[in-house]
Structure formats: C-alpha cells, structure tokens
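Below is one structure, written out as structure tokens; the observations come after it.
Each reported figure results from applying straightforward, stated rules to the coordinates on display, with no laboratory input. In this text, all values refer to a predicted model and were calculated from it rather than measured experimentally. A quick note on method: Cβ atoms are made from the backbone with ideal geometry, for glycine too, and the neighbour counts reach across all protein chains shown.
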C-alpha cells in the first residue's frame, strides 16, 4: 500500500512517514497541498492514504481535502488530518470536507497505528474498543 504525507515540516513528514513505512506503506511526500495535488497527478494509481497537516503555505490541508474530494478518481483515498489544530469546530470542518479521521499533534506512533487499524488499513492490528 502507498501513503502520501503532506506537511510543510520536513521533521513531521519524516516522523509520520517513518511510522507508515514501518507499518508496511510505501511513502510519498509533499510540503504543501498544491505540491500534494501535483504528486497525485503524476501517480498511475492514487495512494490508499493521505495524512494531511492543516496549516501549510501555498495550499492548506482543508483546501487540499476539498480538492481531492472533487475528483472522482481520487475519492477512494482515505484522508486523515494530522495537525495541531484541536478545536472541535476545526475537527467538524475537516470531517465535513471529507476527512475520514483526525489525529492531533503531538501524538505517539501507536496513536497513528490505532487510527490506521480503525480505518481498516492495518488489518493485523487489533483495535481497542
């Protein structure tokens, strides 16, 4: 499986990408939403997952999610916001725009793995109720 990590912080791309790689994903990266759209355009098949930060220059994560959801060929991508934005109103906006899950930074690697398992992207990991 493949995943796209979209974050303007190189360190966060490395952290999220490392967790995904250790979970069996081939990882693509982009530094903002516009770059992420360009990456998607070049892929013969869309990735199964995109982990997206909210606050980025050029194009923010919410705009990226909205643009992805407009394209029928990308509707199968599971979208997860991974951001410092923790206000309930922001979470609701992201989910309403088409995000499947929301993970607030800072987080532990197991938090991300649990979200992936919940989304059915790690079938061998038990999900706690």
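Taking label points 7 Å from Cα along the Cα-to-Cβ direction, residue 93 and residue 38 give a separation of 2.6 nm. Peptide packing: for 17-27, 103-113, 3-13, the average count of neighbouring Cβ atoms within 10 Å per residue gives the ranking 3-13, 17-27, 103-113, highest mean first. Which of (1) 21, 20, 14; (2) 20, 17, 15; (3) 39, 20, 16 is the computed semi-axes √(5λ) of the Cα gyration tensor in Å for the structure on display? It is the one labelled (2).
Across 50, 96, 30, mean-square fluctuation computed from a Gaussian network of the chain (C-alpha pairs under 10 Å connected) peaks at 96.
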